[in-house]
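Shown next, in structure tokens, is the structure this report addresses.
The values are calculated or read from the model by the stated rules, or taken from the named source; none is laboratory data. Note that the structure is predicted; figures quoted are calculated from it, not measured. Note that each Cβ is placed from the backbone with ideal geometry, even for glycine, and that neighbours are counted across all protein chains shown. The area values use the complete protein model at the heavy-atom level, side chains included, leaving out ligands, DNA and RNA. Shrake-Rupley method; radii C 1.70, N 1.55, O 1.52, S 1.80 Å.
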Amino acid sequence: RHGQVFIITFSLGPGIMATNVGSAEAATIETPARIEMIQQLLTSMGVDDHDPKVSQMLLEFAYKYMTEVLKDATVYQEHAQKNDLDLDDVRLAIQTKLNGQFSQPPPREFMIDIAKAKNAIPLPIIRPGVHLPPAEYCNVAPNNQVVVKTENGI
């Protein structure tokens, strides 16, 4: 029939649903609030053009990260024999995640010092010609013996 309204609901990830409400002539998808929040965050960081799937990936990463942090914080809370989860448990869980999963690159000055020390050692002088390893490691020397028969039979 002409002009009917239909509703389509589909999952965008853990606990996130999008609803498509429209008529038979034109279907539009409403953007979920959490996806809009991720898009606003990207825009505020200066990312103006990105694939729409990036927002979904970041949302899934945030969900997974927060779930793992809260599970770890719950383990710390139970270990401390506390009844309620508090901020110290969450901070400890976040610090543990940061130390274990997200490693920081060495400071720039440290890398410059290492580069200077390495570059201070001159490279060996290149000799012209073919470069072979020592003779005992080469297969270029004759490795057979020629036996000449004489009249004696030897």
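Placing pseudo-labels 7 Å out from each Cα toward the beta carbon at Cys138 and Ala62 gives an inter-label distance of 6.7 nm. Placing R0 at 22 angstrom, the Cβ-Cβ distance between Met37 and Arg91 gives a FRET efficiency of 0.40 after rounding to 0.05.
Each of Arg127 and Val47 was given a label point 7 Å from its Cα along the Cα-to-Cβ line. The distance between the two points is 5.6 nm. For Phe110, the accessible surface of its heavy atoms amounts to roughly 110 Å² (probe 1.4 Å, protein chains only, rounded to the nearest 10).
Dividing the Cα radius of gyration of the range 36-154 by 2.2 N^0.38 Å, with N the residue count, gives 2.45. The value of relative contact order for the range 58-154, using C-alpha pairs under 8 Å at least six residues apart, is 16 percent.
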